[in-house]
Amino acid sequence: MIVDTTVAEQSIRFPTDLGLLNEARELSERIIDELHANSNRPQKKKPRTYREITRKAYLSLVKLKRPSSKKRRAGIRKQLQFLHRNLGHIETMLMEYPYGAPIPLSNWLLRRYQVLPHLYHQQYEMYKTNTRRCDNRIVNISQPHVRPIIRGKQGKTVEFGPKISVSLTGKGLAHVDQLHWNARHEGHDLQRQVEAYQKRYGCYPEAVIADKAYGSRDNRSFLEQRNIRFAGKLLGRPPKITPENKIGMKRRKVQRQLEYRERIPIEGKFGQGKYGYRLNNIRAKRADTSVAWINSIFLVMNLLVLVQVFICLKKFAFKVALREANMTEFRKVVLEYTRQFRSNQSFCPAVNKSSLNF
C-alpha cells in the first residue's frame, strides 16, 4: 500500500484582507437595500452606507502597484469601520421582525450574512494585534469551510481546499481514506488507512510505502504489531559501519532507495487527477458537494484501470477461444483421415500433407 496526501484546491479567488472586507461591505450594503425595500415602514429613511466614498477609498489603494504597509493598514481600518457601521444598521433593521418571523432575504444572501460577523471579528483581531493569522480563518465568504493549507512548495506556499489522504494499491486503484478541511499532519491518518485497507480487502498489506512524515514511533509500533513492514529509514542514529555489517547495510540502503522510487505511481495518480480531471479546480460551493466531486474523480480514474483490465481479459479470452477453435478443426481433420484410412485398408498410399488441409 502506497500512501500520500495532497490538496484538492477549491476554485476561489486568492484571498486578501482588503478584498474580503470590501466584498463583505458590498454584501452588507445589498442586505440593507433588501431589508429596506421589504420593510414594514418603507417611508422610513434608509440608513446611509457611504458606498461611493468607501468604493473610492478601496480603488485608490488596490490600484497602487506596491502600496506600503502603512497605507494598507489604513485602508483596512477604513473598511472595518464601514463594515461595522453596516452590520449595526442590519441588526437594528432586523429588530423590527419578531422572533421566528421570516426574514425577507434570499437563502444565499442569508447564508452569507451569517458569515459576515465572524469575518469582521477575525479581521478586527488581526488588525488590533497586527498579525496575519487566526484560528479557523475565513478566506471566502461563499465557502466559509475552506481553510488555507500551508504546503511550502515552490511557487505555491499556500493552497486552499481540503487535504486528502490517499492510498494506492499495487493494482493501481486509489482510495480517498481521509478528508480534512483544516490543516492536519498526514502521519495521523496512517492507522485509519491501514484499517480501511483491511476492511476493504480482508487482509493487511504486506508493506506500507510512504515518506518520512509517516514514520513516527506510534505508526511504526502499530505496523509492527500487525506484521506490516514500513518502507522507510530507521529511527535513531545509524549504526557504525563495520566489516561484518557493511554488506547488510549496503543492501538495506539499496532496498530503501528502490522502495522510495515505488512512491512515484501515487504522485502520477495525483498528476492525472489534477491535470486530467481538474482535481486542483473544484468548483462546488458546499462542503458535501465538494467531497462528492473529489470522490467522483477518483472513481473515474479507478474505472479506467478496471477498463484496461477488462480489455486485457477480453483479448486473452479471444486468444483462448481461437486456439480452441483451431484445435477443434484439427481434430475433425484427423478423424476424417483416420476414417478414410480404415475404409481403404487394402490400399494405403503415401500420406500427402496437402490433402489434409491444415
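What are the residues in region 281-303 that are under 12 Å from Leu179 (Cα atoms) and buried (at least 17 other Cβ atoms within 10 Å of the Cβ), if any? Lay out the reasoning, then the answer.
Step one: of region 281-303, the residues under 12 Å from Leu179 (Cα atoms) are 287-288, 290-292, 294-295.
Within region 281-303, Ser290, Val291, Ile294 meet the criteria.
Which residues, counting only those in region 270-280, are part of a helix (DSSP H, G or I) and open to solvent by 20 Å² or more (accessible area, probe 1.4 Å)? So that I can check it myself, show each step before the final result.
Looking only at region 270-280, we keep the residues that are part of a helix (DSSP H, G or I), and these are 270-276.
If the condition is that a residue be part of a helix (DSSP H, G or I) and open to solvent by 20 Å² or more (accessible area, probe 1.4 Å), then Gly271, Gln272, Lys274, Tyr275, Gly276 are the ones that fit.
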Checklist entry - Would you call Arg192 under 27 Å from Gly161 (Cβ atoms) and either among the acidic types (Asp, Glu) or open to solvent by 60 Å² or more (accessible area, probe 1.4 Å) (or both)? => result yes
Next on the checklist: I'm trying to understand the selection: among the residues of region 226-247, which are of a type outside the set (Phe, Trp, Tyr) and either under 24 Å from the mean Cα position of the chain (by Cα) or surrounded by 11 or more Cβ atoms within 10 Å (Cβ to Cβ) (or both)?
Outcome noted: Arg226, Ile228, Arg229, Ala231, Gly232, Lys233, Leu234, Asn245
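Residues are listed down the side, and each one gets a yes or a no for (1) surrounded by fewer than 19 Cβ atoms within 10 Å (Cβ to Cβ); (2) of a type in the set (S, T, N, Q); (3) under 39 Å from the mean Cα position of the chain (by Cα); (4) not in a loop (DSSP other than H, G, I, E, B):
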{"residue": "Arg13", "(1), (2), (3), (4)": "yes, no, yes, no"}
{"residue": "Ala24", "(1), (2), (3), (4)": "no, no, yes, yes"}
{"residue": "Thr54", "(1), (2), (3), (4)": "no, yes, yes, yes"}
{"residue": "Leu61", "(1), (2), (3), (4)": "yes, no, yes, yes"}
{"residue": "Lys65", "(1), (2), (3), (4)": "yes, no, yes, no"}
{"residue": "Ile76", "(1), (2), (3), (4)": "no, no, yes, yes"}
Item to check | Single residue of region 123-141 satisfying the filter (touching an Asp or Glu at 6+ places or on another chain (Cβ under 9 Å) and open to solvent by 30 Å² or more (accessible area, probe 1.4 Å)) that is modelled with the lowest pLDDT | outcome: Arg132
Checklist entry - Which one of the conditions (1) under 28 Å from Asn219 (Cα atoms); (2) more than 18 Å from the chain's Cα centre (by Cα) does Ile311 fail to meet, given that it meets all the rest? => result (1)
Item to check | In region 195-225, the residues that are exposed (fewer than 13 other Cβ atoms within 10 Å of the Cβ) and either touching a residue at least 40 places away in the same chain (Cβ under 8 Å) or not in a helix (DSSP H, G or I) (or both) | outcome: Gly202, Cys203, Glu206
Checklist entry - When you scan region 149-169, how many residues do you find that are touching a residue at least 60 places away in the same chain (Cβ under 8 Å) and either surrounded by 19 or more Cβ atoms within 10 Å (Cβ to Cβ) or not hydroxyl-bearing (Ser, Thr, Tyr) (or both)? => result 12
Item to check | Pairs where the first residue, in region 81-110, is acidic (Asp, Glu) and the second is part of a loop (DSSP other than H, G, I, E, B), C-beta under 9 Å, 6+ apart | outcome: Glu96/Ser39; Glu96/Asn40; Glu96/Arg41
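Per-residue answers, yes or no, for (1) in contact with a Cys (Cβ under 9 Å, 6 or more places away or on another chain); (2) acidic (Asp, Glu); (3) closer than 30 Å to Leu234 by Cα:
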residue	(1), (2), (3)
Gly248	no, no, yes
Lys253	no, no, yes
Tyr260	no, no, yes
Arg263	no, no, yes
Glu267	no, yes, yes
Arg278	no, no, no
Asn281	no, no, no
Lys285	no, no, no
Trp293	no, no, no
Checklist outcome for this item: Taking region 146-170 and the residues there that are within 16 Å of the chain's Cα centre (by Cα) and among the polar types (S, T, N, Q), the one that is farthest from Glu262 (Cα to Cα) would be Ser165
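Does Glu34 satisfy the condition of being more than 35 Å from the chain's Cα centre (by Cα) and open to solvent by 50 Å² or more (accessible area, probe 1.4 Å)? Before the answer, list the steps.
On the way: more than 35 Å from the chain's Cα centre (by Cα): yes; open to solvent by 50 Å² or more (accessible area, probe 1.4 Å): yes.
Yes: the conditions hold for Glu34.
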Checklist outcome for this item: Per the filter on region 101-122, residues surrounded by 17 or more Cβ atoms within 10 Å (Cβ to Cβ) and either more than 15 Å from Arg286 (Cα to Cα) or touching a strand residue (DSSP E or B) at 6+ places or on another chain (Cβ under 9 Å) (or both) are Leu105, Tyr113, Leu116, Leu119, Tyr120, Gln122
Checklist entry - Is it the case that some residue within region 255-262 is within 30 Å of Arg147 (Cβ to Cβ) and open to solvent by less than 60 Å² (accessible area, probe 1.4 Å)? => result no
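The values are calculated or read from the model by the stated rules, or taken from the named source; none is laboratory data. What you are looking at is a predicted structure, and each value in this text was computed from that prediction instead of being measured. Please note: Cβ atoms are built from the backbone with ideal geometry, for glycine as well, and neighbour counts cover all protein chains shown. Calculation scope for accessible area: heavy atoms of the full protein, side chains included, ligands and nucleic acids excluded. Shrake-Rupley method; radii C 1.70, N 1.55, O 1.52, S 1.80 Å.
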